[in-house]
Amino acid sequence: MLFLPITHLEIYMFLQKYLLLFGFVLSPFISNCQNEIEWNETYQLQLSDFQSGTTKVGEGNIYSLMAASRMSFSFYMSTYEFMFTKNFNPKVNCTFNRKASSLIAPDKETANFLVSFARFEFDLTELYARKFRKKLFDNKGAFSDAKFFEPIYDSLQSEFTERNAFAISNTKIGQDTIKLKSLHNQVSKEILELPDFCKTCKPQKK
């Protein structure tokens with residue numbers, strides 16, 4: 001069983017007087033911040049990051065991966081501020097939840113290829129977080145509706161799901177290390193092609 005990060009959308013909206021609260025979470029997990037790893041280009045997931053009580057290595061002959069990578073987006077601002085905001089980069093997060101992540105493998109070698117696939121998946125989630133940030137920046141206008149992101153999300157969700165499913169099938173969840181490395185290198189290349197859309201980046205206004 002493999003957890004696909006971008007599979008669930010929950011929207012909470014509250015409009016009172018001149019304040020707008022709008023957020024959504026692209027994951028079924030509610031997590032404690034201290035259990036979360038925020039994506040960055042230097043950290044690589046380790047076997048020790050799979051801290052669910054169901055994680056087991058060296059027992060039985062089955063293997064499974066539930067890597068709780070997720071993308072989340074929320075903002076809280078006045079309607080006036082929303083009208084003139086273009087950069088939503090800091091509002092889009094890409095995280096990995098240790099306590100919600102589970103790995104089962106019959107031996108250490110199998111565990112290692114599952115961890116490698118989880119690294120790929122975490123980077124793929126960051127790539128789509130950057131794609132989402134860019135789409136928000138490109139499509140947000142002064143008179144955009146607060147739900148302007150919904151068709152953007154739907155399109156990227158379909159693209160992500162298809163790409164992740166292909167990787168699962170094509171690499172046998174990381175067992176084919178050569179194919180996984182090729183796919184992972186492509187994802188890393190695409191991340192580098194979106195340097196203005198990391199969480200802390202400030203893209204140039206057109």
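Bear in mind these aren't lab numbers, they're just calculated from the coordinates by the rules spelled out. These numbers come from a predicted model, not from an experiment. FYI the Cβ positions are ideal-geometry reconstructions off the backbone, even for glycines, and counts take in every protein chain you see.
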Taking R0 as 41 Å and r as the Cβ-Cβ distance between residue 143 and residue 51, the FRET efficiency 1/(1 + (r/R0)^6), rounded to the nearest 0.05, comes to 0.35
Of the options 110, 39, 64, report the single residue whose Cα projects farthest towards the positive end of the charge dipole of the range 10-197 (beta-carbon charges: Lys, Arg +1; Asp, Glu -1).
39
Here the FRET efficiency for residue 83 versus residue 162, based on Cβ atoms and R0 = 25 Å and rounded to 0.05, is 0.10
Expressed in nm to one decimal, what extension gain is obtained for the pair residue 64 and residue 175 from 0.36 nm per residue of sequence separation less their Cα-Cα distance?
38.8 nm
Return the loop-located trypsin sites (Lys or Arg not before Pro) in the range 113-193 (DSSP other than H, G, I, E, B) with at most 16 other Cβ atoms within 10 Å of their own Cβ; answer none if there are none.
147, 172
For the range 70-175, what is the number of Lys pairs with C-alpha distance below 13 angstrom, counting only pairs 8 or more positions apart or on separate chains?
4
Rounded to a whole number, what is D in µm²/s for the range 10-197 from Stokes-Einstein with the Kirkwood radius over alpha-carbon pairs (25 °C, 0.890 mPa s)?
138 µm²/s
Under the 0.36 nm per residue contour assumption, what length would be gained going from the current alpha-carbon distance of residue 154 and residue 74 to full extension?
27.2 nm
